[in-house]
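Step one of this worksheet: look at the structure below.
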Amino acid sequence: MKSRAAVLRGIDQPWKIEEITVDPPKANEVLVNWKVAGMCHSDEHFVTGDMVPPQDLLDLMGAKFFPFIGGHEGAGVVVEVGPGVTSLKPGDHVSASFVPSCGRCRYCSTGRQNLCNFGAGTLMGHMITDGTPRHFDRDSTPLTMMAKLGTFSEYACVAEASLIKVDDDLPMDAVALVSCGVATGWGSATKRADTQPGDTVVVVGIGGIGINAVQGARMAGAKRIIAIDPVEFKREKAMEMGATHTFPSMAEAMQSVNEITWGEMADRVIMTPGVLHGDMMEEAMALVGKGGTCVVTAISPMTENDVKMNLFQLAMWNKEVKGTIFGSLNPRADIPALLGMYRAGQLKLDELITKRYTLDEINEGYRAMRDGENIRGVIVND
């Protein structure tokens, strides 16, 4: 099958719209017609190289990263299923799942689907089912895919483990958003940070993930939600989603957080900037009060190892630092649950979308994201 797709051919290069070939699904695979794709910052991290493995590691593994089909937030319709697929049939509406869930590994079977062993194969190589490619460019060169989903392609062959059936009447753009950004932000506040009623929560970075950490904190009953971002538009949007205070920077927030909490500082700090660097953690941990938690959700450059923080306070004030992927949620349970909250009017999804783009406008959409004009852009395929 022929398809149009946004392909990345190297670091610091633009997305190129190319005609590709998609092979039919094999065992435990599904051919999906992606209708809507979310434009998450994670795809931008491949353009900048932050999430691209170092070349010496690629050489050691005998692996190639590029050329690469982007996109991991998506909603679509099943076109065809391969042998062994039992949960889906042609015509079903599906959400992508940024992390696959096999349902059988140690992590899935203990309620930690976000850590499924299949996830180890989603950044490099080809299909998680058998390791062989299904997507090729005009020169028959195999293409890898972001999270093995490739939602920046009109059609893609995807493992059943990476798809979740959703109700047919749900808007496709709402479904696309919960497949990564909404779930990751909401879960960072509710599950990983374990926000409790009456808490003071600080969210640093109000993009597609941070704005949903604000929503999660509000829904968990936080008394104060402080949103920090240098872009005024994003601070205003955070107030609409439930923030009680906003500041342009952690430094500018520090004294006010101290004052409004009577010196106790924040119970939870959630780090969701566009790119997280180690030196930012010193201020983040200074915002955390005694017994408090800092959740690291944002992506850092893969080769960056240095972190700056006060280890004396970490121990003596009983603070903790937690990492999270997918907000520590279980996609098979929590994606439908989030959509149920949306249907009930509890979770705002339509309000997150700043602008809709065609596939041909993808580079303009990411420029707008970099310039702080978008909370979330989406690509809509006719």
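Conditions tested, residue by residue: (1) in contact with a helix residue (DSSP H, G or I) (Cβ under 7 Å, 6 or more places away or on another chain); (2) assigned by TED's automatic domain parsing to the domain that holds Arg367; (3) modelled with pLDDT under 95.
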residue: Ala174; (1), (2), (3): yes, yes, no
residue: Arg192; (1), (2), (3): yes, no, no
residue: Gln215; (1), (2), (3): yes, no, no
residue: Lys223; (1), (2), (3): no, no, no
Over the range 177-212, the set of residues more than 20 Å from Thr261 (Cα to Cα), aliphatic (A, V, I, L, M) and more than 11 Å from the chain's Cα centre (by Cα) is Ile206, Ile211
Going through the range 206-256 in order, the residues found to be touching a Lys or Arg at 6+ places or on another chain (Cβ under 7 Å), polar (S, T, N, Q) and part of a loop (DSSP other than H, G, I, E, B) are Thr244
Next on the checklist: Among the residues that make up the range 257-266, is at least one of them closer than 18 Å to Cys40 by Cα and touching a helix residue (DSSP H, G or I) at 6+ places or on another chain (Cβ under 9 Å)?
Outcome noted: no
query = Looking at the range 36-45, is at least one residue closer than 21 Å to His126 by Cα, outside the structural domain of Thr272 (by TED's automatic domain parsing) and among the β-branched types (Val, Ile, Thr)?
reply = no
*asked:* Going residue by residue through the range 82-92, is there one that turns out to be over 23 Å from Ala333 (Cα atoms), part of a loop (DSSP other than H, G, I, E, B), small (Gly, Ala, Ser) and without any contact (Cβ under 8 Å) to a residue 40 or more places away in the chain?
replied: no
Being free of Cβ contacts under 8 Å to residues at least 12 places away in the same chain and among the β-branched types (Val, Ile, Thr) narrows Thr122, Thr110 down to just Thr110
Picked from the range 259-304 (must be among the hydrophobic types (A, V, I, L, M, F, W, C) and in a helix (DSSP H, G or I)), the residue surrounded by the fewest Cβ atoms within 10 Å (Cβ to Cβ) is Ile260
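Yes or no, residue by residue, for (1) more than 20 Å from His41 (Cα to Cα); (2) among the aliphatic types (A, V, I, L, M); (3) crowded, with 24+ Cβ neighbours inside 10 Å; (4) not assigned by TED's automatic domain parsing to the domain that holds Leu359:
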{"position": "His93", "(1), (2), (3), (4)": "yes, no, no, no"}
{"position": "Ser97", "(1), (2), (3), (4)": "no, no, yes, no"}
{"position": "Asn114", "(1), (2), (3), (4)": "no, no, yes, no"}
{"position": "His126", "(1), (2), (3), (4)": "yes, no, no, no"}
{"position": "Phe136", "(1), (2), (3), (4)": "yes, no, no, no"}
{"position": "Met145", "(1), (2), (3), (4)": "no, yes, yes, no"}
{"position": "Ala156", "(1), (2), (3), (4)": "yes, yes, yes, no"}
Filtering the range 122-157 down to residues that are more than 18 Å from Phe98 (Cβ to Cβ), part of a loop (DSSP other than H, G, I, E, B) and touching a strand residue (DSSP E or B) at 6+ places or on another chain (Cβ under 6 Å) yields Pro133, Arg134, Asp137, Leu143, Glu154
Within the range 183-214, restricting to residues that are in contact with a Ser or Thr (Cβ under 6 Å, 6 or more places away or on another chain) and of a type in the set (Gly, Ala, Ser), the one that is surrounded by the most Cβ atoms within 10 Å (Cβ to Cβ) is Ala213
### Any hit, the range 327-346, residues being without any contact (Cβ under 8 Å) to a residue 60 or more places away in the chain and within 28 Å of Ala6 (Cβ to Cβ)
no
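The values are calculated or read from the model by the stated rules, or taken from the named source; none is laboratory data. Everything numeric in this text was worked out from a predicted model, so none of it was measured. Using ideal geometry, Cβ is built from the backbone for each residue, glycine included, and neighbour counts are taken over all protein chains shown.
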